[in-house]
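No lab work stands behind these numbers, since they all come straight from the coordinates. All of these numbers come straight from a predicted model, not from anything done at the bench. Here Cβ is always computed from backbone atoms with ideal geometry, including for glycine, and neighbour counts include all displayed protein chains.
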Amino acid sequence: MATTDKKLFRMAVKASENAYAPFSDFHVGAALLAKDGRIFTGVNVENSSYGATICAERTAMVKAISEGCREFEAIAIAGNGGTSWPCGICRQFMYEFCPDIRVISGESEDELKVYILKELLPEGFKL
């Protein structure tokens, strides 16, 4: 998994270059690995109405879901090239589809930490 984790992290770093973050200047990228092998990237997109802002993780998942993908293995997240963990909304959003997904982040591809989403959101809500 280490090779895959590093590849996903590099893709997340690259994706973060496309983030739209004029208010926070915190550029985040995500790379989501589907069980069928496809990889979907996403970035954070801020908005003047702060509540309308969307995080990179949700952007990647919405892209995947809109393409009919519902099963995921891992997601790497990079903020300004370094560590960035999902916010509470993103944790709950991901939990809906994949409570056992591996969540990857770190300062660099050689310093990655990996958690299972259920570790980051131990009592996630799902109907």
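Annotations for the structure displayed:
- Residues satisfying the stated conditions in the stretch 29-81, i.e. farther than 15 Å from residue 105 by Cα, in contact with a strand residue (DSSP E or B) (Cβ under 8 Å, 6 or more places away or on another chain) and aliphatic (A, V, I, L, M): 34, 39, 45, 54, 60, 61, 62, 64
- Residue in the stretch 5-23 that is under 23 Å from residue 127 (Cα atoms), of a type outside the set (Asp, Glu) and surrounded by 13 or more Cβ atoms within 10 Å (Cβ to Cβ) present: no
- Failed condition for residue 41, given (1) part of a strand (DSSP E or B); (2) among the polar types (S, T, N, Q); (3) loosely packed, with under 14 Cβ neighbours inside 10 Å: (3)
- Test result for residue 13, assigned to a helix (DSSP H, G or I), more than 16 Å from residue 2 (Cα to Cα) and in contact (Cβ under 8 Å) with a residue 40 or more places away in the chain: yes
- Number of residues in the stretch 44-91 that are aliphatic (A, V, I, L, M), in a helix (DSSP H, G or I) and under 21 Å from residue 10 (Cβ atoms) equals 4.
- Residue match in the stretch 102-115 (condition: farther than 20 Å from residue 3 by Cβ and in contact with a helix residue (DSSP H, G or I) (Cβ under 6 Å, 6 or more places away or on another chain)): no
- Qualifying residue in the stretch 34-42 (condition: touching a residue at least 12 places away in the same chain (Cβ under 8 Å), touching a helix residue (DSSP H, G or I) at 6+ places or on another chain (Cβ under 8 Å), charged (D, E, K, R) and within 17 Å of residue 63 (Cα to Cα)): yes
- Of residues in the stretch 51-75 being over 16 Å from residue 28 (Cα atoms) and touching a residue at least 40 places away in the same chain (Cβ under 8 Å), the one surrounded by the fewest Cβ atoms within 10 Å (Cβ to Cβ): 73
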